[in-house]
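Structure first, commentary second.
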């Protein structure tokens, strides 16, 4: 397979993760009150918390955008994206196991983020390996 085709495949994987991350960020920013109950918070403080998460998701995606633009030229960005996704997955897993079972909504929210970031990590690892393989090929 040509380097341009493998680069496009890597971009598709990175783009999918970036799209879903940015979609989550925008939804959290536009409709924070809808998602506050999933974090067992409400009112203005709850909406502010969810909005802050949306801002963090936007910040989180800066390296993803560079990786999406050109994963070979910005070779550190895919590595950063993989590491950031792994940190998110690990943190959410720890959060899940440290949340008491009586907080069902919080545990379900953590589970959704675990699935979300776990899938994203697989996609980003695939993109990274594709770029690395074709770079050295």
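Observations on the structure shown:
- Meets criteria (at pLDDT 95 or above, surrounded by 13 or more Cβ atoms within 10 Å (Cβ to Cβ) and touching a helix residue (DSSP H, G or I) at 6+ places or on another chain (Cβ under 6 Å)) for residue 13: yes
- Hey, residue 7 in a helix (DSSP H, G or I) and either at pLDDT 95 or above or over 19 Å from residue 129 (Cα atoms) (or both) or not: no
- Check on residue 41, outside any helix (DSSP H, G or I), in contact with a helix residue (DSSP H, G or I) (Cβ under 7 Å, 6 or more places away or on another chain) and either in contact (Cβ under 8 Å) with a residue 40 or more places away in the chain or farther than 27 Å from residue 128 by Cβ (or both): yes
Let's see how each residue does on (1) in contact with a helix residue (DSSP H, G or I) (Cβ under 6 Å, 6 or more places away or on another chain); (2) closer than 30 Å to residue 133 by Cα; (3) in contact (Cβ under 8 Å) with a residue 12 or more places away in the chain:
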| position | (1), (2), (3) |
| --- | --- |
| 47 | yes, no, yes |
| 55 | no, no, yes |
| 61 | yes, yes, yes |
| 73 | no, yes, no |
| 88 | yes, yes, yes |
| 101 | no, no, no |
| 104 | no, no, no |
| 108 | no, no, yes |
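The values are calculated or read from the model by the stated rules, or taken from the named source; none is laboratory data. On a predicted model such as this, the values are computed, not experimentally measured, just so you know. As a convention, Cβ positions derive from the backbone with ideal geometry for all residues, glycine included, and neighbour counts pool all protein chains shown.
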